[in-house]
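Chemist: Sending over a structure as structure tokens; questions will come in a sec.
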Amino acid sequence: MTERILYLDLFSGASGDMLLGALVDAGLSLELLRAQLGKLDLGGYELEAEVQLRHGIAGTKVHVHELAQAHPARHLADVRDLLAASPLSSRVRDASLAVFERLARVEAHIHGTSPDLVHFHEISAVDSLVDIVGFAIAMEALEVASVYSSPVPLGSGTITVSHGVIPVPAPATLALLAEVGAPTVPHQAQTEIVTPTAAAILAQYAAFRRPAMHVRAVGYGFGTKEFAWPNALRVWLGEDGGRAWAKSDHVIRIECTLDDTTGEALGYAMERLFEAGALDVWFAPVQMKKNRPGTVLSVLARPEEAETVAQVVLRETSTLGVRLSPPLERTVAARTVLTVETPWGPVRVKEKRLGGESVSASPEYEDCALIARQQSIPLAQVVATVMRLVEVGGSSSPVPGLDRGR
């Protein structure tokens with residue numbers, strides 16, 4: 001089996017309307033997009049797609065025409081309520097809210113407040129709501145499983161926003177890209193070519209590399225600005241090229257060395273680190289200075305959780321400092337969490353998939369251990385029973401969201 005994938009070719013930057021324009025140009029139904037966006041209690045706008053020719057390239061310019069003179073100020077809670085009240089699918093609602101939460105988090109950090117108190121200013125406009133929710137709708141409608149992106153080109157200079165004159169890239173744009181360790185490249189444009197809305201979408205969805213793929217459709221989405229080159233974003237839509245994994249992302253490795261921490265304290269620190277969002281924690285023996293035996297504590301965390309995880313290391317161990325690696329790219333095998341009904345109750349099973357096919361399965365230890373304790377039977381007996389049921393197809397439907405991809 002192959003998966004539908006999307007590659008974003010950002011040769012002239014990115015904005016929300018450029019993303020939507022490129023997707024419509026690649027085959028996304030404008031009527032479907034309008035109908036799905038109509039499920040939001042938003043109003044006060046019209047969505048138009050115009051075919052244009054720029055510098056000899058045909059593409060699509062999406063326009064969001066705001067009909068009202070003024071729109072209500074929105075905070076994160078308002079956006080959350082707007083999405084929750086809509087009959088959009090849970091996939092679209094959750095993905096859209098995740099993008100707005102990213103925006104709120106970085107804006108709060110920049111302005112020294114909390115995410116719930118952030119007034120979104122420019123990004124709360126109707127067009128940004130249309131762009132963010134519209135992108136989520138497109139991913140569902142086009143059945144895109146994974147999104148990839150080229151390095152992000154960034155212009156220079158200054159722009160004027162509601163806060164006054166700010167540098168390019170805008171602080172929010174740069175913070176969003178830094179949060180996921182996105183690769184950037186300089187661009188000759190002396191203005192903003194990547195908007196905060198686009199940066200938030202990229203940070204939420206994209207792995208920053210070009211995948212092996214079978215290209216089935218190409219689309220160009222034009223921006224508003226005119227340059228000496230085509231101001232467009234290009235999308236490649238197709239299937240994966242037979243890779244044996246589903247996606248790539250980035251992680252941060254946090255490390256320290258300890259020579260005066262007990263085994264009990266290390267075990268407790270491991271528990272707290274997983275609670276804080278660590279993807280993996282491990283210990284390794286090491287010979288330290290003055291010939292002291294010690295321990296290397298290593299932790300993997302997502303870039304947006306690395307600071308929190310590092311604080312736990314400092315708080316729960318005796319170390320005076322931690323080392324944080326640059327973002328490390330990791331390749332993650334596709335996986336599904338199944339529920340197997342056993343004679344003693346349900347057990348979750350992680351199924352690893354390569355090239356769309358199941359290659360291995362592993363029962364969830366905690367589920368098996370709980371049954372073994374309750375039934376006073378060997379753990380090995382529970383595991384063997386679960387594996388026999390998996391082999392004969394005794395699993396129920398996949399249960400999404402139970403595995404964090406460690």
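The numbers here are math on the coordinates, done by the rules we state, and not lab data. Quick caveat: nothing in here was measured; it's all calculated off a predicted structure. Using ideal geometry, Cβ is built from the backbone for each residue, glycine included, and neighbour counts are taken over all protein chains shown.
Chemist: Calculate I(q)/I(0) for segment 247-331 by the Debye formula, one identical point scatterer on each C-alpha and no solvent, and give its log10 at q = 0.11 Å⁻¹ to two decimals.
Modeler: Debye output, listed in q order: -0.28.
Chemist: Let me check I've understood the local charge: for Val106, count other residues with C-beta under 12 angstrom from its C-beta, Lys and Arg +1, Asp and Glu -1. What total comes out?
Modeler: Here the count lands on -2.
Chemist: Turning to a different aspect of this structure: Please compute, over every Cα-Cα pair in segment 1-70, the percentage with a separation greater than 21 angstrom.
Modeler: Details: 862 of 2415 pairs.
The calculated P(r) of segment 1-70 puts 36 percent of pairs beyond 21 Å.
Chemist: Report the normalised scattering of segment 14-118 as log10 I(q)/I(0) at q = 0.22 Å⁻¹, calculated by the Debye formula with identical scatterers on the alpha carbons.
Modeler: Result of the Debye calculation: -1.29.
Chemist: With only Lys, Arg, Asp and Glu charged, each at its Cβ (+1 for the first two, -1 for the last two), find how big the charge dipole of segment 1-121 is about the Cα centre; round to the nearest 20 debye.
Modeler: Result for segment 1-121 is approximately 200 debye, rounded to the nearest 20.
Chemist: Sticking with this one: Rounded to the nearest Å, what's the spacing between the alpha carbon centres of segment 140-194 and segment 76-108? Just the number, please.
Modeler: Computed from Cα coordinates, the inter-centre distance equals 20 Å.
Chemist: Still on this structure: Take every Cα-Cα distance within segment 103-208, group them into 10 Å bins from 0 onward, and report for each bin the whole-number percent of pairs it holds.
Modeler: Going out from 0 Å in 10 Å bins, segment 103-208 shows 14, 44, 36, 7, 0 percent.
Chemist: Below 13 angstrom from the Cβ of Val340, what's the summed charge of the other residues (Lys, Arg +1; Asp, Glu -1)? Before the final figure, lay out each step's value.
Modeler: Numbers: positive: Arg348, Lys350, Arg388; negative: Glu341, Glu351, Glu364, Asp367, Glu391.
With Lys, Arg at +1 and Asp, Glu at -1, the net is -2.
Chemist: Using mean Cβ contacts within 10 Å as the protection proxy, how do 223-229, 297-303, 365-371, 344-350 order, highest first? Please list the in-between numbers first.
Modeler: Details: 223-229: 13.1, 297-303: 21.6, 365-371: 16.3, 344-350: 17.9.
Put in order of decreasing packing, that is 297-303, 344-350, 365-371, 223-229.
Chemist: If you don't mind, another one. Can you list residues whose amide H is under 5 Å from Ile159's amide H, if they're 5+ apart or on another chain and H is modeled 1.01 Å from N?
Modeler: For Ile159, the qualifying residues are Ile166, Val168.
Chemist: What distance in nm separates the simple spin-label points at Leu379 and Glu264, each placed 7 Å from Cα in the Cβ direction?
Modeler: The two pseudo-label positions are separated by 2.2 nm.
Chemist: How do 149-156, 256-263 rank on mean C-beta neighbours within 10 Å, highest first? List each step's numbers first, then the result.
Modeler: Working: 149-156: 19.1, 256-263: 14.9.
So the peptides 149-156, 256-263, ranked by packing, come out 149-156, 256-263.
Chemist: Neighbouring Cβ atoms within 10 Å as the yardstick, rank Glu179, Glu140, Glu275 fewest first.
Modeler: Arranged by neighbour count, lowest to highest, Glu179, Glu140, Glu275 become Glu275, Glu140, Glu179.
Chemist: Quick one: order Thr295, Thr331 by neighbouring beta-carbon count within 10 Å, fewest to most.
Modeler: Details: Thr295 19, Thr331 13.
Result, fewest neighbours first: Thr331, Thr295.
Chemist: Can you sort Tyr220, Tyr268 from fewest to most other Cβ atoms within 10 Å of each residue's own Cβ? Show your work: numbers first, answer last.
Modeler: On the way: Tyr220 22, Tyr268 13.
In order of increasing Cβ crowding within 10 Å: Tyr268, Tyr220.
Chemist: OK, next. What is the chain's relative contact order, in percent, from Cα pairs under 8 angstrom and six or more apart in sequence? Can you show the working numbers first?
Modeler: Numbers: 819 pairs, mean separation 72.4, N = 406.
Relative contact order for the chain comes out at 18 percent.
Chemist: If we sort 382-390, 96-104 on the protection proxy, mean other Cβ atoms within 10 Å, highest first, what's the order? Could the numbers behind the result be given before it?
Modeler: Values: 382-390: 17.9, 96-104: 23.1.
Sorting 382-390, 96-104 by mean packing, highest first, produces 96-104, 382-390.
Chemist: Less than 19 Å apart at the alpha-carbon level, and either on another chain or at least 8 residues along: which lysines does that give for Lys61?
Modeler: By straight Cα distance, Lys61 reaches Lys225.
Chemist: Using the crude model of +1 on Lys and Arg Cβ and -1 on Asp and Glu Cβ, and no other charge, please compute the dipole size for the chain relative to its Cα centre, in debye to 20.
Modeler: Working: 36 positive and 47 negative charges, 224 e Å.
Once rounded to the nearest 20, the dipole reads 1080 debye.
Chemist: Here is a further query. Please give the helix 379-391 orientation as an angle from the longest Cα principal axis of the chain, in degrees from 0 to 90, rounded to the nearest 10.
Modeler: Taking Cα atoms only, the helix is inclined about 40 degrees.
Chemist: Let me ask something else. Can you list residues whose amide H is under 5 Å from Leu354's amide H, if they're 5+ apart or on another chain and H is modeled 1.01 Å from N?
Modeler: Under 5 Å from the amide H of Leu354 lie the amide H atoms of Val359, each far enough along the sequence or on another chain.
Chemist: Lysines within cross-link reach of Lys352: Cα-Cα under 27 Å, excluding same-chain residues under 8 positions apart?
Modeler: Of all the lysines, those that pass the test against Lys352 - Cα under 27 Å, at least 8 places apart if same chain - are Lys247.
Chemist: Out of Ile166, Ile201, Ile193, any idea which swings most in a Gaussian network model of the chain, alpha carbons joined below 10 Å?
Modeler: Ile166
Chemist: Give me the net charge for the shell around Gln311: Cβ to Cβ below 14 angstrom, other residues only, Lys and Arg +1, Asp and Glu -1. Write out the running numbers ahead of the final one.
Modeler: Working: positive: Arg272, Arg315; negative: Glu275, Glu304, Glu305, Glu307, Glu316.
Computed value for this residue: -3.
Chemist: Let me ask another. If you average 1/r across every pair of different Cα atoms in the chain and take the reciprocal, what Kirkwood value do you get, in Å? Walk me through the numbers on the way to the answer.
Modeler: Details: mean 1/r = 0.0421 Å⁻¹.
Computed over Cα pairs of the chain, the Kirkwood hydrodynamic radius comes out at 23.8 Å.
Chemist: Per residue and in Å³, how big is the convex hull formed by the alpha-carbon atoms of segment 4-240?
Modeler: Working: hull volume 27.4 nm³, N = 237.
That works out to 116 Å³ per residue.
Chemist: What relative contact order, as a whole-number percentage, does segment 4-240 give when Cα pairs under 8 Å and 6 or more residues apart are counted? All intermediate terms of the calculation are to be shown ahead of the outcome.
Modeler: On the way: 490 pairs, mean separation 84.6, N = 237.
That works out to 36 percent.
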